[in-house]
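The values are calculated or read from the model by the stated rules, or taken from the named source; none is laboratory data. Just so we're clear, the structure is a prediction, and the values are computed from it rather than from any experiment. Backbone-built Cβ (ideal geometry, glycine too); neighbour counts: all protein chains shown.
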């Protein structure tokens with residue numbers, strides 16, 4: 001018997017080479033609903049092993065971008081390439097199969113299922129057996145079930161939610177549900193992770209935990225991460241590149257430091273009267 | 001067989017472990033739950049790990065008497081470090097997982113530890129926050145969990161795997177080195193440095209020797225020990241109290257290597273209840289706080305059950321009260337009727353209650369480390385959980401008194417162990433003990449040692465006691481905690497505090513009144529229980545503070561205080577109280593690492609609140 005220790009994520013999930021190669025490329029995307037422009041000419045490139053953050057006021061079009069990437073919305077103009085392949089117009093499940101996983105602003109778990117079952121569902125595209133085998137729980141079905149359970153147990157350990165393993169999601173505190181949702185996205189073994197306000201509504205400690213999870217995912221898996229959040233500290237701490245949008249239009253892009261001192265961003269996002277604290281930013 | 005048994009030095013937990021590995025190599029020594037599965041270590045595997053660790057220490061030049069520190073939650077590696085250090089002749093020093101950086105610095109510096117095992121990034125960060133130059137003795141920091149720590153570049157850092165690989169390589173080239181070290185062991189060798197949590201002043205390192213441990217093993221876990229019939233491989237123990245404390249050591253190390261009881265490590269402290277339910281241990285060591293929590297959990301469960309279940313519970317709890325009274329009157333011995341009632345009640349109620357909290361198979365439960373309310377003991381006895389109060393301290397390696405089956409006196413800590421001389425100081429009533437497990441003194445503090453162990457070898461415990469029926473000992477209080485009211489009356493605050501804490505709603509109680517006209521109390525509510533109560537009574541609430549300020553909650557606590565007051569004479573009654581608006585915390589200095597309240601800090605921090613009760 002060997003000593004058991006917490007597994008690093010790349011020991012249970014496929015890792016990418018964090019070489020900074022382009023993973024997701026969006027060029028000049030336009031999306032309108034009955035004449036209302038939701039996205040107006042957004043371009044961005046997400047690289048492997050990097051965290052890309054999108055910030056902007058409420059209704060700026062951040063979640064719309066996510067919905068375009070994951071295939072929920074189909075933009076009228078522009079292109080979206082994932083690993084070099086055109087994914088514009090593909091159905092959401094096809095895009096998920098390619099390795100794009102997401103979490104939602106308002107948690108979208110199955111509240112009447114346990115944490116374990118929700119996470120196992122995240123593995124469904126990694127199950128390769130037929131209905132008869134599944135019903136009898138024999139042969140391949142039993143083996144795959146065990147293998148997937150191992151992956152899920154590794155994720156439970158990573159997120160430190162062992163005590164909630166058998167709890168129904170509906171009974172859990174909000175902060176824990178957020179973790180479970182992140183876990184389900186991880187269970188899909190994604191190449192690109194879309195996180196829609198992962199720290200919304202959390203207290204300081206929960207936000208710090210979430211920041212640690214994101215840092216560890218990026219370090220241990222080397223996958224690309226797109227992050228949308230209102231918590232500026234979180235975004236500025238985690239992101240390599242930040243894109244600020246307002247009314248669906250990109251207004252600035254750059255490193256967190258550049259964005260923090262950008263006058264347009266301060267006006268749009270932080271408010272007109274916001275004093276500029278960064279001595280390098282104002283003249 | 002061509003192998004010869006290695007020569008034996010002084011008997012120690014390490015030699016006992018080696019013996020189990022030789023005699024019953026394939027029996028289970030430890031189990032650990034990880035990723036949802038209980039994983040097993042045989043005695044052979046346990047010894048293999050401990051021996052490899054000892055070899056690694058030798059490879060790093062650790063000498064006899066050097067200190068090896070570990071900063072981790074309970075897990076098998078804790079015991080590999082502990083037993084491996086003993087095998088190498090080094091002394092193991094444990095830090096509490098909750099120790100903040102300043103305390104980590106103090107303990108490492110004070111002990112002069114040469115090597116430190118840290119569990120993960122969190123604990124590594126604490127020691128790395130101390131400037132390297134401030135810890136000149138510390139040469140290596142070995143980490144268990146790779147996450148995060150891998151990226152650090154402090155030259156002292158090394159992974160557990162790499163460290164153990166060096167140990168295995170050393171074993172290849174020097175196969176008899178550890179054996180030779182073990183043969184050099186002497187009874188007076190330092191085994192552990194156990195830092196007392198210190199409700200006053202900085203922690204002091206108690207020197208526990210191999211002789212101390214051997215005596216404790218025979219007195220506590222031996223054939224004439226506290227568990228009857230004697231403990232063995234069929235018993236089960238869950239390790240969950242801090243392993244750096246002598247109390248958990250007695251169970252996780254002494255019961256394990258002394259009597260062969262398998263030790264179980266759960267997934268985390270948060271999963272304790274689920275882990276207990278899995279294991280259903282036969283021997284359970286607990287502090288009053290744990291027993292109070294289990295008691296409160298059972299009460300909440302019963303109160304929120306369906307009507308039919310509540311009726312069923314009411315019937316059998318009434319029967320249990322009779323059983324409890326009978327047992328208390330007869331010092332724990334059943335009558336035919338009480339045994340019958342308990343058996344039947346077990347079928348209808350108690351078995352399922354006990355199963356839920358992991359006490360279905362318990363045959364010996366012990367409460368120690370702090371006084372427990374007799375009501376709680378009586379409740380557990382009444383539902384068939386054999387729970388005994390015992391008394392001991394780090395300085396006597398936990399060997400002083402214990403209640404024994406069929407000879408229980410509630411409100412006492414029991415009778416002295418057969419091998420323990422115990423007497424009360426004629427003047428002060430202080431409890432004095434003398435036996436081979438009295439420690440060797442405080443680390444580098446000869447004066448404090450001389451104040452504690454007198455010329456005749458008596459250990460001065462600092463506790464005031466009294467004899468009950470000439471056989472059992474009752475603890476009055478710590479000498480320094482005794483309150484003398486301005487009327488000149490001596491009052492023991494802990495007795496009142498424990499009566500208050502017997503209410504499931506009250507988690508913390510601090511009685512005030514030294515040199516004052518009357519007694520008052522600061523009370524902290526039990527967030528979980530009171531919150532559940534508030535929900536049932538449709539009282540909306542948010543935080544701990546908010547809940548504590550609700551008039552309904554204050555009224556609820558007042559009722560509990562009134563009930564407690566009925567049990568005391570006028571001068572010992574709580575005239576008024578205030579609710580604490582925050583939970584007490586170790587990291588903020590209000591509790592010791594063992595969750596004992598630091599009175600001086602509390603009296604300082606909540607001075608205004610206290611004064612408001614005397615205006």
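Return the residue satisfying two criteria in turn: it lies in the range A:219-243 and is within 13 Å of chain B (Cβ to nearest Cβ) and buried (at least 21 other Cβ atoms within 10 Å of the Cβ), and of such residues it is nearest to residue A:67 (Cα to Cα). Write out each step before concluding.
Of the range A:219-243, the ones within 13 Å of chain B (Cβ to nearest Cβ) are A:219-221.
Checking which are buried (at least 21 other Cβ atoms within 10 Å of the Cβ) leaves us with A:220-221.
Values: A:220: 27, A:221: 24 Å.
The residue in question is A:221.
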Conditions (1) surrounded by 19 or more Cβ atoms within 10 Å (Cβ to Cβ); (2) part of a helix (DSSP H, G or I); (3) within 14 Å of chain A (Cβ to nearest Cβ): number failed by residue B:16: (3)
Of (1) within 11 Å of chain A (Cβ to nearest Cβ); (2) within 22 Å of residue B:120 (Cα to Cα); (3) touching a helix residue (DSSP H, G or I) at 6+ places or on another chain (Cβ under 8 Å), residue B:44 satisfies all except one. Which? (2)
In this structure, is residue A:134 closer than 23 Å to residue A:199 by Cα, over 18 Å from the mean Cα position of the chain (by Cα), in a helix (DSSP H, G or I) and more than 12 Å from chain B (Cβ to nearest Cβ)? no
Can you find a residue in the range A:207-218 that is over 21 Å from residue A:244 (Cβ atoms), surrounded by 23 or more Cβ atoms within 10 Å (Cβ to Cβ) and within 14 Å of chain B (Cβ to nearest Cβ)? no
For the list (1) more than 18 Å from residue B:78 (Cβ to Cβ); (2) in the same structural domain as residue B:179 (by TED's automatic domain parsing); (3) at pLDDT below 95, I need the number of the one condition that residue B:34 fails. (1)
Which ones in the range B:452-498 are under 21 Å from the mean Cα position of the chain (by Cα), assigned to a helix (DSSP H, G or I) and modelled with pLDDT of 90 or more? B:497
The one condition in (1) in contact with a helix residue (DSSP H, G or I) (Cβ under 6 Å, 6 or more places away or on another chain); (2) modelled with pLDDT of 90 or more; (3) not assigned by TED's automatic domain parsing to the domain that holds residue A:153 that residue A:122 fails to fulfil: (3)
Out of everything in the range B:540-554 that is surrounded by fewer than 16 Cβ atoms within 10 Å (Cβ to Cβ) and in a loop (DSSP other than H, G, I, E, B), what residue ends up being modelled with the highest pLDDT? B:549
Of the listed residues (B:78, B:38), the one being within 14 Å of chain A (Cβ to nearest Cβ), in contact (Cβ under 8 Å) with a residue 40 or more places away in the chain and over 23 Å from the mean Cα position of the chain (by Cα) is B:38
Residue in the range A:126-146 that is nearest to residue A:200 (Cα to Cα), counting only those that are in contact with a helix residue (DSSP H, G or I) (Cβ under 7 Å, 6 or more places away or on another chain) and surrounded by 14 or more Cβ atoms within 10 Å (Cβ to Cβ): A:127
Test of understanding: among A:106, A:93, which residue is surrounded by fewer than 16 Cβ atoms within 10 Å (Cβ to Cβ) and within 18 Å of residue A:191 (Cα to Cα)? A:93
Name the single residue, out of those in the range A:60-83 being out of contact with any strand residue (DSSP E or B) (no Cβ under 7 Å at 6 or more places or on another chain) and touching a residue at least 12 places away in the same chain (Cβ under 8 Å), that is farthest from residue A:189 (Cα to Cα). A:74
Out of the residues in the range A:137-174 meeting the condition of being closer than 22 Å to residue A:189 by Cβ and at pLDDT below 90, tell me which one is farthest from the other protein chains (Cβ to nearest Cβ). A:140
Return the total of residues in the range B:159-177 being buried (at least 20 other Cβ atoms within 10 Å of the Cβ) and under 29 Å from residue B:96 (Cβ atoms). 4
Pick from B:243, B:213: which is surrounded by 24 or more Cβ atoms within 10 Å (Cβ to Cβ) and either assigned to a loop (DSSP other than H, G, I, E, B) or at pLDDT below 95 (or both)? B:243
Return the residues of the range B:19-35 that are in contact (Cβ under 8 Å) with a residue 60 or more places away in the chain, more than 11 Å from every other protein chain (Cβ to nearest Cβ) and touching a strand residue (DSSP E or B) at 6+ places or on another chain (Cβ under 8 Å); say none if nothing qualifies. B:20, B:27
Do we find a residue being touching a helix residue (DSSP H, G or I) at 6+ places or on another chain (Cβ under 7 Å) and free of Cβ contacts under 8 Å to residues at least 24 places away in the same chain anywhere in the range B:93-101? no
Over the range B:374-409, the set of residues over 16 Å from residue B:322 (Cβ atoms) and in contact with a helix residue (DSSP H, G or I) (Cβ under 6 Å, 6 or more places away or on another chain) is B:376, B:387, B:394, B:397, B:398, B:399
Matching residues, the range B:143-198, being within 14 Å of chain A (Cβ to nearest Cβ) and part of a loop (DSSP other than H, G, I, E, B): B:144, B:145, B:146, B:147, B:148, B:152
